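Right, one structure below, let's go through it.
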Amino acid sequence: GLSQLEKVEWIIKRRQENVRYLNEALERHNDILQLPKYSEEVSYLAYPLVIKRPDLISRKELRMRLEEEGIETRPLFGCIPTQQPAYSHLKKQYRWKLPNAEFLGLNGFYIGCHQYLTEDDLEYIEKTFNKIISTKLGNKKES
């Protein structure tokens, strides 16, 4: 706990550097992936992504392929109240009334950007995304 405070500036800086690297590395896919906006004022917990074109590749498939390649993922969040079991009694009332939250809940996910990722790790993430997207989409990306 408290010993981490001595490293907090380094931790924040490394995470910011990782986000900056991933944004530059994945920018070529920005027609399919919404990347996080970089800010020096943010201490990134993780690297959030949103699939803008789920008609081309689903979150489920992309997450599965990343996991198969050893890159851990987590869903971004479920739209409250329509995608969270604790709020199922509100599902009918709010279904499709929160389109942005619904879209994010269905198409958003995280990958890590923690301070212990190495340059090799970041390059591997970049190459893996490139491989998955180019293999899956081929020329479909142009449409």
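The values are calculated or read from the model by the stated rules, or taken from the named source; none is laboratory data. The structure displayed is predicted, hence computed values, not measured ones. As a convention, Cβ positions derive from the backbone with ideal geometry for all residues, glycine included, and neighbour counts pool all protein chains shown.
When you scan the range 76-122, how many residues do you find that are of a type outside the set (S, T, N, Q), under 23 Å from PRO36 (Cα atoms) and assigned to a loop (DSSP other than H, G, I, E, B)?
11
Check LEU56, LEU76, LEU22, LEU33 and return the single one that is hydrophobic (A, V, I, L, M, F, W, C), closer than 30 Å to LYS7 by Cα, surrounded by 13 or more Cβ atoms within 10 Å (Cβ to Cβ) and at pLDDT 95 or above.
LEU22
Only one residue in GLU119, GLU126 is more than 20 Å from PRO48 (Cβ to Cβ), modelled with pLDDT of 95 or more and either of a type outside the set (Val, Ile, Thr) or exposed (fewer than 10 other Cβ atoms within 10 Å of the Cβ) (or both). Which one?
GLU119
Within the range 1-22, count every residue that is among the polar types (S, T, N, Q) and over 15 Å from GLY112 (Cβ atoms).
2
Let's see how each residue does on (1) within 23 Å of TRP10 (Cβ to Cβ); (2) among the polar types (S, T, N, Q); (3) in contact with a helix residue (DSSP H, G or I) (Cβ under 9 Å, 6 or more places away or on another chain); (4) touching a residue at least 12 places away in the same chain (Cβ under 8 Å):
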residue	(1), (2), (3), (4)
LEU35	no, no, yes, yes
VAL42	yes, no, yes, yes
LEU76	no, no, yes, yes
SER88	no, yes, no, no
LYS97	no, no, no, no
ASN100	no, yes, no, no
LEU104	no, no, no, yes
GLU119	yes, no, yes, no
PHE129	no, no, yes, yes
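So, in the range 48-74, exactly how many residues are outside any loop (DSSP other than H, G, I, E, B), over 15 Å from ILE132 (Cβ atoms) and without any contact (Cβ under 8 Å) to a residue 24 or more places away in the chain?
0
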